[in-house]
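The values are calculated or read from the model by the stated rules, or taken from the named source; none is laboratory data. The shown structure was predicted, so the numbers you read here are calculated from the model rather than taken from an experiment. All Cβ positions, even for glycine, are placed from backbone atoms using ideal geometry, and neighbour counts span all protein chains on display.
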Amino acid sequence: MRTFVHTSHPARVLFGSGTVGDLADEVRRLGGSRVLLLSSPPLAEASARVRDALGALVAAEFDGATMHTPTGVTEAALVVLKEAGADCLVSVGGGSTTGLSKALALRTDLPQVVVPTTYAGSEVTPVLGETRDGHKVTRSSAAILPETVVYDVDFTLSLPLPMSITSGVNAMAHAVEALYSADADPVTDRRTLDAITLIGRALPRLAADPADREARADLLQAAWLAGACLATVGMGLHHKLCHTLGGSFGLPHAETHTVILPHAMAYNAPAAPDAMRRIARALDVPDAPSGVYDLIAALGGPTSLRGLGMPEPELGRAAELAVATPYPNPRELTAQGIEGLLADAWHGRRPR
Ligand code: NAD
């Protein structure tokens with residue numbers, strides 16, 4: 001018999017095409033009448049559609065969201081929020097814009113409506129990673145969790161193919177680590193395997209036709225399923241490494257996840273054979289780590305840390321940082337083992 005504890009995080013989720021039309025009702029449902037609209041410059045068009053949908057509910061806008069949620073940006077947005085007397089946050093964008101919304105909600109307890117435009121999954125987690133003085137700190141609280149998520153597949157059509165691939169692998173990484181997490185339960189298992197199957201099938205379809213709406217819808221649904229697992233169970237080595245490489249070495253989030261995932265899986269495979277067997281079956285490949293590597297390579301995704309600009313002499317320091325504080329992982333972590341993993345990832349070697 002399997003014993004487990006499952007925690008669900010309360011959130012309202014709308015999923016479809018054209019759901020942006022429901023935004024104003026969703027804001028009113030939360031008691032909002034003065035919205036601060038959050039976005040970033042590359043999403044100006046998406047932000048204009050949200051502004052149109054919200055009409056007179058928009059009290060102010062802030063379009064300065066950036067990667068890894070620097071506290072300086074949050075403080076600048078907080079000034080705009082207070083001057084406008086905002087009572088609800090609406091954000092449109094990827095994990096970076098969602099992160100800004102969460103950082104503001106943590107400081108003000110305002111309700112949030114999030115319109116995700118990538119597959120990062122942050123919109124359904126109560127977790128926030130903030131960067132201060134080049135150091136990324138993660139915290140979790142109920143105030144951080146967005147109240148409402150409006151998934152509108154139309155907002156993902158503009159996501160460039162390379163970013164769609166890396167973001168899809170980012171979602172797959174949440175699912176993979178949730179499957180071998182010590183906290184996994186039957187609900188998270190089912191969600192992770194559905195997410196992995198959806199991503200494994202949708203990415204090649206998207207590479208063939210980046211405007212394939214059904215493939216985009218499958219990826220967005222997988223992002224939600226994988227994000228819900230990220231919210232529920234503890235992550236392991238893969239997320240720790242990506243957190244270190246992003247927070248301390250400035251590497252880009254989704255690309256780093258894409259390079260590291262096959263190597264973190266290969267490292268953990270001897271200690272998580274059942275999870276690897278189930279992932280391989282979900283992807284219809286003989287071996288999970290090399291199957292994920294081959295999928296990424298076939299899609300033209302990044303396969304080496306060298307290609308992301310990671311300096312080779314820093315690999316030892318990255319390994320030290322990643323093992324500095326103990327955390328649960330299927331296989332014991334050793335600095336030597338992690339250095340080997342990072343060397344393989346730096347060169348872009350295919351796991352065997
Ligand atoms: P991102 O939000 O930084 O977006 C990447 C780039 O793509 C940006 O330039 C953005 O403007 C652009 N973009 C996004 N959607 C687009 C679209 N539909 N069309 C055109 N351009 C678009 O990247 P991300 O990978 O979504 O998020 C990364 C951040 O999210 C990191 O800071 C990471 O730590 C955080 N994150 C947090 C959690 C959590 O649970 N706390 C989970 C996942 C990611």
Practice task
Please tell me if Thr197 is in the same structural domain as Asn268 (by TED's automatic domain parsing), crowded, with 24+ Cβ neighbours inside 10 Å and either among the hydroxyl-bearing types (Ser, Thr, Tyr) or free of Cβ contacts under 8 Å to residues at least 12 places away in the same chain (or both).
Solution key: no
Practice task
Name the single residue, out of those in the range 101-132 being more than 6 Å from the ligand (Cβ to nearest atom) and of a type in the set (Val, Ile, Thr), that is farthest from Tyr151 (Cα to Cα).
Solution key: Thr131
Problem - Matching residues, the range 82-97, being of a type outside the set (A, V, I, L, M, F, W, C), near the ligand (Cβ under 9 Å from one of its atoms), in contact with a helix residue (DSSP H, G or I) (Cβ under 7 Å, 6 or more places away or on another chain) and closer than 14 Å to Phe62 by Cβ - result: Gly93
Problem - Residue that is nearest to the ligand (Cβ to nearest atom), among those in the range 133-187 that are over 18 Å from Gly94 (Cβ atoms) and of a type in the set (Ser, Thr, Tyr) - result: Ser140
Exercise for the section: Please state which one of Thr98, Thr71 is surrounded by fewer than 20 Cβ atoms within 10 Å (Cβ to Cβ), in contact with an Asp or Glu (Cβ under 6 Å, 6 or more places away or on another chain) and not assigned by TED's automatic domain parsing to the domain that holds Gly247. Expected result: Thr71
Practice task
Examine the range 274-287 for a residue that is more than 23 Å from the chain's Cα centre (by Cα), crowded, with 18+ Cβ neighbours inside 10 Å and within 20 Å of Leu193 (Cβ to Cβ), and state whether such a residue exists.
Solution key: yes
Exercise for the section: Report, by residue number, each residue of the range 27-52 that is surrounded by fewer than 22 Cβ atoms within 10 Å (Cβ to Cβ) and more than 23 Å from the chain's Cα centre (by Cα). Expected result: Arg28, Arg29, Leu30, Gly31, Ser33, Arg34, Ala48, Arg49, Arg51, Asp52
Problem - Pick from the range 119-146, criterion among the small types (Gly, Ala, Ser) and in a helix (DSSP H, G or I), ranking: surrounded by the most Cβ atoms within 10 Å (Cβ to Cβ) - result: Ser122
Exercise for the section: Confirm whether Asp274 is under 29 Å from Thr66 (Cα atoms), more than 16 Å from the ligand (Cβ to nearest atom) and at pLDDT 95 or above. Expected result: no
